[in-house]
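The values are calculated or read from the model by the stated rules, or taken from the named source; none is laboratory data. Predicted, not measured: the structure shown is a model, and the values here were computed from it. Using ideal geometry, Cβ is built from the backbone for each residue, glycine included, and neighbour counts are taken over all protein chains shown.
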Amino acid sequence: MKNNAYVWHGDGWSVQVLFSRAGLSTGICVSLDSGFYLLLDCGDGTVRDLVLREINQGRKHSFLDNLGGILISHGHFDHVGGLHTVLGFLRMIGRQAPLSIIVPRGTREDRFIIEAFEHIYPDSIPFTIDRREVGEREDTALGDVAITPFSVIHCGSTKKGGIGKPMPALGYSLSCNNQKVVYTGDCGLDSNLEPHIKDADLLLIEATLREPGGEMERRVHLSKQSAIRLAQSAKRAFIIHRTEEPPVIEVSGHPE
């Protein structure tokens, strides 16, 4: 995936898919023209991808001081695997501003990563970590971005263990300058996505499954076919978290 690809430019803000591949990593950067920015998930390699992004834009690493927060959709490793590296990098450069981390209520994985980080460096972390657990429609804000979480259905699954129980999982609707960006995270069709997606200026929607149908699509992941159908109600969409080439599919939905 090229680091200069898959960018949406809004009014005073932009969204870039840094990397997204199911079972490997997802990291998405939401940038305001003021320099403030957020991360939607932080899979393995997110710091590398952010640094490459700044190099490609001719800037240095001061952007990390403007990281306003991280929104985590759920606790699977391909969505939180880069969190320790993000925290370690911020410690290394001496960041002092608090860092907000928003997670679904009941999520454990990120909490254990944060606790381990604080245990390893009890006296040398120059910033505080503001971890917030939220549920559906518990609105919050980071900088000038209004955030509305919504519940999605996502069960873990492994080749040996099959489909597990639903885990804490959220999608996020972000609003800024009268525009809306929606990120579904990982989710099945039982998630009732349509009301959240409708008329979004940008939709970031997953499409992990190669074939539609069955319990896997209802409770675990979406197929490309379903993602494309759902994307028609948004103005523009990036279909992400795929296992096939191309890694991201861009869809133009209904006209404005």
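Of these, Gly135, Gly188, which one is of a type in the set (Gly, Ala, Ser) and either under 22 Å from Thr208 (Cα atoms) or touching a residue at least 40 places away in the same chain (Cβ under 8 Å) (or both)? Give the steps one after another, and end with the answer.
On the way: Gly135 fails: either under 22 Å from Thr208 (Cα atoms) or touching a residue at least 40 places away in the same chain (Cβ under 8 Å) (or both).
After applying the criteria, what remains is Gly188.
Find the residue count for segment 176-185, including only residues that are in a loop (DSSP other than H, G, I, E, B) and either without any contact (Cβ under 8 Å) to a residue 12 or more places away in the chain or among the charged types (D, E, K, R) (or both).
Filtering segment 176-185 for residues in a loop (DSSP other than H, G, I, E, B) gives 177-178, 184-185.
Still in the running and either without any contact (Cβ under 8 Å) to a residue 12 or more places away in the chain or among the charged types (D, E, K, R) (or both): none.
The number of residues fulfilling the criteria is 0.
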Checklist entry - What are the residues in segment 108-129 that are more than 15 Å from Cys42 (Cα to Cα) and in contact with a Gly (Cβ under 8 Å, 6 or more places away or on another chain), if any? => result Arg108, Phe117, Pro126
Checklist entry - Of the residues Gly214, Gly185, which is surrounded by fewer than 24 Cβ atoms within 10 Å (Cβ to Cβ) and among the small types (Gly, Ala, Ser)? => result Gly214
Next on the checklist: Quick test of your reading of the structure: Pro246 fulfils all but one of (1) assigned to a loop (DSSP other than H, G, I, E, B); (2) touching a residue at least 60 places away in the same chain (Cβ under 8 Å). Name the failing condition by number.
Outcome noted: (2)
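Quickly run through segment 116-149 and pick out the residues that are on the phi < 0 side of the Ramachandran plot and among the basic types (Lys, Arg).
To start, the set of residues in segment 116-149 that are on the phi < 0 side of the Ramachandran plot comprises 116-136, 138-142, 144-149.
Selection gives Arg131, Arg132.
Taking the stated definitions as given, is Val7 at pLDDT 90 or above and crowded, with 19+ Cβ neighbours inside 10 Å?
Working: at pLDDT 90 or above: yes; crowded, with 19+ Cβ neighbours inside 10 Å: no.
It is false that Val7 is at pLDDT 90 or above and crowded, with 19+ Cβ neighbours inside 10 Å.
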Next on the checklist: Out of the strands (runs of 3 or more DSSP E) lying entirely within segment 81-175, which hold 2 or more residues that are surrounded by fewer than 18 Cβ atoms within 10 Å (Cβ to Cβ) and not hydrophobic (A, V, I, L, M, F, W, C)?
Outcome noted: 129-134, 155-158, 162-166
Checklist outcome for this item: Pairs returned, first residue in segment 41-63 that is under 16 Å from Ile93 (Cα atoms), second residue that is at pLDDT below 85 and among the acidic types (Asp, Glu), beta-carbon separation under 6 angstrom, 6 or more apart or interchain, are Phe63/Glu54
Item to check | In segment 232-243, the residues that are touching a Ser or Thr at 6+ places or on another chain (Cβ under 9 Å), outside any loop (DSSP other than H, G, I, E, B) and not aromatic (Phe, Trp, Tyr) | outcome: Arg236, Ala237, Ile240
Next on the checklist: So Leu71 ticks every box in (1) out of contact with any helix residue (DSSP H, G or I) (no Cβ under 8 Å at 6 or more places or on another chain); (2) over 17 Å from Ile240 (Cβ atoms) but one. Which box is left unticked?
Outcome noted: (2)
Item to check | Selection within segment 65-80 - part of a helix (DSSP H, G or I) and within 15 Å of Ile129 (Cα to Cα) | outcome: Asp65, Asn66
Checklist outcome for this item: Residues of segment 118-140 being aliphatic (A, V, I, L, M) and within 24 Å of Met167 (Cα to Cα), in sequence order, are Ile129, Val134
